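Written out below as structure tokens is the structure these notes cover.
The values are calculated or read from the model by the stated rules, or taken from the named source; none is laboratory data. None of the values given here were measured: they were computed from a predicted structure. Virtual Cβ from ideal backbone geometry, glycine too; neighbours counted across all protein chains shown. Ligands, DNA and RNA are excluded from the accessible area calculation, which covers all protein heavy atoms including side chains. Shrake-Rupley method; radii C 1.70, N 1.55, O 1.52, S 1.80 Å.
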Amino acid sequence: MHYENIIADGEYPRMIDTETLVTLSGYKNISLKENVHNFARDNVLSTSFLPIKNKRNVMDVDLCGLSGGNLKSQKMKEYDIENYGTDQMKLVRKYICQQMEQTNIPKMNGEQVNILAWREQLIEGFEDAMNIFYKNKEQLSECIAKSDIKYSHQRQLFRNTYSYAKFLQTGCYPTYLTSLEQRKKLFEKMRNSGNIKNQRVEHEISLLMEGCIPAYYSMFEERTLYSNGKVIQTEFFNQSGNETVTYKISSLSPETIRLQKHIINLSYMTLIKDIIKKPADIGNSAEYYENFMQGAKSIFDNISKNILIDPDSEKQDLYIIRLGDHCQSLQGLDMSLYEGGGLIWSMYCYARETENNQLMKQCLALLESAEDKQDKMAVLESTSVYAGIGSAVYILFNIYMDTGDPKYYKLCEKYLRKISERLDTIESIDYMHGISGYVVLLSKMLEKEKHDYLLRIFEKSCEILCNLMKCYRTETAGIAHGSSGVALALSFLVKHTCDRSYLKSIEKILCDEKNYVEKDNMFWCRGTAGSALAKAQILKNLKDMCNDSIYLNIKKEFDKEIGLLLEYRSGENDNLCLCHGLYGYYDVMNSIICNEKEILTEHISKALIRKMEVVKDRLIKITEKRLWLTSDYMLETFMLGSSGPAYAMLRMHHNKYPSILSLDII
């Protein structure tokens, strides 16, 4: 049901070209499972009807039936002729950029309908139709058994026609037409590590060599793969069409319908431009919790319901929305602390606290799946501690410290080696994405485990930090991207080397930072809370020089920031997330009172505890499950979504769980 196979006819969608209606399951073990609703590949996304944007997907053009036809790619290139019909004519490769005729898009009074405005109606129609099938499962099975479908064949798509066409179009250029070897080499690109000796791929390549687009089909009650009346491979499929349809009908349940509705909502979220914004008022959608463990339970229960499994490998995954600069993308879990990795760790800690062994196993299975995907990526996206390789190190080391299982330390070492290989490429100095985050993280790991390899990487990180400091100029405030995060890293150099020469640098950049402070920003990312958290740790690291004038000046500024945090009155419409919201503001105070209490006066300690009680009471009353996201959409990732506040709630209940905001170790 991609954009070419569904068209608008007035108010009705018309499906055409329904030869792929029965797509055979690729699973081997579905017969061993009964009424399973959450198989990874059996969901509404497989129809191609819904929008899917995935940062890691090579096919980054919009082909979906709901909004598709905009073939504008930042990854896929095609050949084009420049200066056609002139003596300057030449062949060039350009990113695909064309707008197809969108006959699939409904219009009202000649204007294209905003599909976001009709989300609720679409989901309501989907639910009504699914309930008809669910309530009449036996009748539906009987209807299929009596129909002529048993004598028919159904096309099986292994690649879309567009991909085949682009291969053939490319194969028409002189390079490939004048050399049989080059032409074969072009089509051999269809092979990968999983299909090297696959009979179908052999057949595909032979047809493309002849200039034909491959087409395959199956018979409804057979497992054989056919093409053009010929058997390509017997027992190619694990199930026949009949077996696949029978399984899918039997697995229909209210839980199936709920999960599919959730996935439809996720696909819609990829279309929203400003997904995080403050509403005019909290309305009637607030969730009121008796206590914070109830709040954490509500959030994690909702997340765990959406876990997907692969019945063959038993791997588990979870669809999440990752935020980008201009849009969101829908994909499986990653290891990023900011998004998927933070979600896994927070839910693992919740399962540990509640002694939910099944959920703990699920979290470790999710971690294994995310790590496997991270490991197979050709180019790791980032060296960041919060959104790159460093996230894998942080999570795996904490799991190792908690379980004592050496396999997690071995995995952690694998990513430490990747970091070691790329340390020299790090050009950013900040705490969130740059070298300062590594200095802090590796230092805290060394406090738990004295490994020589870990020490060497830490020393190399310190060397890079010192080199970057030579040309560092303060340009923003806060722990994440400002001088507070850099000063924190420098304080660990002082602590581990006893070299006081770094004190002047710490004093200078913290002084310069005051020119960039946003007075009304009380939160972790760029605000006063993050700066106070950094200074609290700096003072703790420098406690042996508590009579030094630089120490006293930092303490004076820290006391001012604590005063501002104590005075802050949250508004009804403040964001609730960890990064730049109220839960981050609270979690910072919680971290300071738990980890850096020794630098606080008794008066300040009591004032912070009183303030935390006030904020806790306030948060119980205003916590909204959608966390201020557009409309009723739910973001479940860590720093910007619901799992971060759920983790803060867990830490309110028991502070033994480490603060991710300060990269603490369990």
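Quick notes
- With respect to being out of contact with any Cys (no Cβ under 6 Å at 6 or more places or on another chain), over 24 Å from Leu582 (Cα atoms) and open to solvent by 50 Å² or more (accessible area, probe 1.4 Å), Asp512 falls outside the description.
- One residue alone among Ser549, Ser484, Ser501 is in contact (Cβ under 8 Å) with a residue 40 or more places away in the chain and either loosely packed, with under 14 Cβ neighbours inside 10 Å or among the hydroxyl-bearing types (Ser, Thr, Tyr) (or both), and that residue is Ser484.
- Listed conditions (1) of a type in the set (Gly, Ala, Ser); (2) outside any helix (DSSP H, G or I); (3) more than 15 Å from the chain's Cα centre (by Cα) are all met by Ala365, apart from (2).
- Any pair with Cβ under 6 angstrom, 6 or more apart, that starts in segment 247-261 at a residue that is touching a residue at least 40 places away in the same chain (Cβ under 8 Å) and ends at one that is of a type in the set (Gly, Ala, Ser) and open to solvent by 10 Å² or more (accessible area, probe 1.4 Å): Ile249/Ser141
- Positions within segment 640-664 being open to solvent by 20 Å² or more (accessible area, probe 1.4 Å) and part of a loop (DSSP other than H, G, I, E, B), in sequence order: Leu640, His654, Asn655, Lys656, Asp664
- Lys504 being basic (Lys, Arg), assigned to a helix (DSSP H, G or I) and either at pLDDT below 95 or in contact with a His (Cβ under 9 Å, 6 or more places away or on another chain) (or both): yes
- Answer residue from segment 428-461, given it is assigned to a loop (DSSP other than H, G, I, E, B) and closer than 16 Å to Tyr386 by Cα and is most open to solvent (accessible area, probe 1.4 Å) among those: His433
- Selection count, segment 109-124, where residues are open to solvent by 40 Å² or more (accessible area, probe 1.4 Å) and either without any contact (Cβ under 8 Å) to a residue 12 or more places away in the chain or within 14 Å of Ala8 (Cβ to Cβ) (or both): 11
- Residues satisfying the stated conditions in segment 299-352, i.e. touching an Asp or Glu at 6+ places or on another chain (Cβ under 7 Å) and within 20 Å of Gly584 (Cβ to Cβ): Ile303, Ile320, Arg322, Gly340, Gly341, Leu343
- Residue list for segment 554-575, filter: more than 14 Å from Lys535 (Cα to Cα) and among the charged types (D, E, K, R): Glu567, Arg569, Glu572, Asp574
- Here Leu465 fulfils each of the conditions (1) under 24 Å from the mean Cα position of the chain (by Cα); (2) crowded, with 18+ Cβ neighbours inside 10 Å apart from (1).
- Hey, Ser420 small (Gly, Ala, Ser) and open to solvent by 20 Å² or more (accessible area, probe 1.4 Å) or not: yes
- Residues of segment 385-408 classified as within 21 Å of Val439 (Cβ to Cβ) and open to solvent by less than 20 Å² (accessible area, probe 1.4 Å), total: 13
- Residue identified as free of Cβ contacts under 8 Å to residues at least 60 places away in the same chain and either of a type in the set (A, V, I, L, M) or at negative phi (or both) among Leu441, Leu490: Leu490
- Residue in segment 232-239 that is surrounded by 19 or more Cβ atoms within 10 Å (Cβ to Cβ), farther than 23 Å from Arg159 by Cβ, under 38 Å from the mean Cα position of the chain (by Cα) and touching a residue at least 24 places away in the same chain (Cβ under 8 Å) present: no
- Members of segment 350-369 that are crowded, with 24+ Cβ neighbours inside 10 Å, out of contact with any strand residue (DSSP E or B) (no Cβ under 7 Å at 6 or more places or on another chain) and of a type in the set (A, V, I, L, M): Leu367
- Single residue of Cys172, Cys212 found to be open to solvent by 50 Å² or more (accessible area, probe 1.4 Å) and modelled with pLDDT under 85: Cys172
- Residue count for segment 515-533 under the criterion of being open to solvent by less than 70 Å² (accessible area, probe 1.4 Å), free of Cβ contacts under 8 Å to residues at least 60 places away in the same chain and part of a helix (DSSP H, G or I): the result is 2.
- Segment 304-349 - residue that is of a type in the set (Val, Ile, Thr) and buried (at least 22 other Cβ atoms within 10 Å of the Cβ) and, of those, modelled with the highest pLDDT: Ile344
- Test: residue in segment 553-561 that is farther than 17 Å from Lys514 by Cα, open to solvent by less than 60 Å² (accessible area, probe 1.4 Å) and not hydrophobic (A, V, I, L, M, F, W, C): no
- Subset of segment 131-169 (residues that are within 34 Å of the chain's Cα centre (by Cα), at pLDDT 90 or above and outside any helix (DSSP H, G or I)): Arg155, Gln156
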